[in-house]
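Just below is one structure, and these are the notes that go with it.
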Amino acid sequence: MVAAKPTVDSIRAILGTVIDPEMPIDIVNLGLVHDVRVVSGDDGARAEIDLIPTFIGCPALDMIRDDVRKRVTKAPGVVEVAVRFLNDPPWSIERITPAGREALREFGVTTPERGGAPRPTPLTIAGNIAAPVGVGERPACPFCGSAKTRMESAFGPTRCKMIFYCDACKNSFEHLKPI
Amino acid sequence: MTDLADAHKKPLVQLLFSIADDKLVLGHRNADWTGLGPILEEDIAFSALAQDDIAHAGAIYGLIADITGGDADHLAYGRTANTYRCCDLVELNDEFDWAVAVVRQFFCDHFEHLRLRRLSRSNWTKLRQLASRMLAEENLAIGHADQWIVRLAKSTSEARGRIQHAVTKLAPLTPSLFEPTEGMADLEAAGVYPPLEAPMFDAWESMIANVIDETGLRAEFRAPAKDYVGGRHGKHSADFAAMLSEMTEVYREEPAAQW
């Protein structure tokens, strides 16, 4: 019998089962996986996984790291798992896959349009006070589809989300920050 | 550049301590508002700001640990008071006056933006990458305090009076932000901490003036005097000693605790 050999693809498939504890989607669709390497050794393979955090202060990072380690360690032929979080490239909403965006919307979390991020620096320029992030955005309500939505709070339940409100169906929902 | 020159390590550690300590102390002060914000949205806002401040401080302590050895928790909580490099403005006890907390955030946000903008152009790759990431996050929050200053200054006479009082109280502490850390000129000349087009104080004052001018509030700001010695050289306010003792209580009790 030939022992199963882990490959980059088989490791990526495992990463696709790691769900972000604060988002209802997996870390591959969320765009957290930057690089996967499989290094063969005498007694088995070492899996090296480079992830990028959504926000530096995201408290879910340790849980994600532990979950990745736990799942990948179980893969046949893997003897060691190394997980790193990188600051570069920076995470952005552009990294969320179309399937990930759709899954988030079904869950009630909207994502700024692709191409909309990164936003220009919201600074006070030439005497004009720039609107804070989120003001003026009108994401379609994830529940009823109405465009009659508005920002309620730029700070939401997690670092990556804001609170929006739909004036049509009177529901509040979460909208990702345009980073 | 990938490697930092040995000659720049000591001054860079001083500069990084000033940034991390500012963020840790401000984050600790802002976290005091969790559960006590005047409205729910601001309760959440200040908690989120605190979370970012402390997480960013942690990342910078991690970078310092890469240069000097040691670990981030010890660097944050295990040092003696005179080795901290935070400034008087962040150390101030706001005594649960929310106007003071907002005005302090306003002054600090703009200063932090400028400091990170400089670091995001550093010729040391590791620092540049971390600072760029932090700058993108800070930029999501920088309008928050601006909006409150304008909104409250244009509101009732009580609200305006409280904001004016806070501005008048805190403006004399703002020179403490600009005191250079030991060896900063070398870092500037070497491109590790590139200067802005304008002097730091001038750039900051014009950003602050953009908002203040909109409101008609009275405020006067000064750059620190040449012989000013404060937090960047370990000379701290009385408020700091009390805060440090409270902030490090758990760590001192059980330095190896995990939570």
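Brief remarks on what is shown
- Residue in region A:61-78 that is under 20 Å from residue A:177 (Cα atoms) and modelled with pLDDT under 95 present: yes
- Within region A:15-32, considering residues that are touching a helix residue (DSSP H, G or I) at 6+ places or on another chain (Cβ under 6 Å) and either within 20 Å of residue B:55 (Cα to Cα) or surrounded by fewer than 17 Cβ atoms within 10 Å (Cβ to Cβ) (or both), the one nearest to the other protein chains (Cβ to nearest Cβ): A:21
- Among the residues making up region A:84-114, those that are of a type in the set (Val, Ile, Thr) and under 22 Å from residue A:149 (Cβ atoms) are A:93, A:96, A:109, A:110, A:111.
- Tally, over region A:18-62, of residues that are among the aliphatic types (A, V, I, L, M) and closer than 18 Å to residue B:48 by Cα: 4
- The residue list B:57, B:45 contains one member that is surrounded by 20 or more Cβ atoms within 10 Å (Cβ to Cβ), modelled with pLDDT under 95 and of a type in the set (A, V, I, L, M, F, W, C), which is B:45.
- Looking only at residues in region A:33-68 that are of a type in the set (Val, Ile, Thr) and assigned to a strand (DSSP E or B), the one that is surrounded by the most Cβ atoms within 10 Å (Cβ to Cβ) is A:49.
- Region B:214-245, subset at pLDDT 90 or above and farther than 30 Å from residue B:80 by Cβ, residue farthest from the chain's Cα centre (by Cα): B:216
- All positions within region B:18-47 that are free of Cβ contacts under 8 Å to residues at least 24 places away in the same chain and either within 11 Å of chain A (Cβ to nearest Cβ) or among the basic types (Lys, Arg) (or both): B:39, B:40, B:41, B:43, B:44, B:47
- When B:68, B:34 are checked against the criterion of being closer than 20 Å to residue B:251 by Cβ, of a type in the set (Val, Ile, Thr), surrounded by fewer than 21 Cβ atoms within 10 Å (Cβ to Cβ) and out of contact with any Ser or Thr (no Cβ under 8 Å at 6 or more places or on another chain), B:68 stands alone in meeting it.
- Residue match in region A:50-58 (condition: over 23 Å from residue B:133 (Cα atoms) and of a type in the set (S, T, N, Q)): no
- Only helices (runs of 4 or more DSSP H) whose full extent lies in region B:96-207 are considered here, and the ones with at least 1 residues that are within 13 Å of chain A (Cβ to nearest Cβ) and buried (at least 22 other Cβ atoms within 10 Å of the Cβ) are B:98-119, B:125-138, B:142-153.
- Meets criteria (within 14 Å of chain A (Cβ to nearest Cβ) and in a helix (DSSP H, G or I)) for residue B:67: no
- Residue ID - farthest from the other protein chains (Cβ to nearest Cβ), chosen from residues in region A:159-171 that are in contact with a helix residue (DSSP H, G or I) (Cβ under 9 Å, 6 or more places away or on another chain) and assigned to a loop (DSSP other than H, G, I, E, B): A:160
- Selected residue (criterion: farthest from residue A:29 (Cα to Cα)) from residues of region A:69-103 that are part of a helix (DSSP H, G or I) and among the small types (Gly, Ala, Ser): A:103
The values are calculated or read from the model by the stated rules, or taken from the named source; none is laboratory data. Keep in mind that this is a model prediction, so the values were computed, not measured. Don't worry about glycine lacking a Cβ; one is built from the backbone with ideal geometry, like all the others, and counts go over all protein chains shown.
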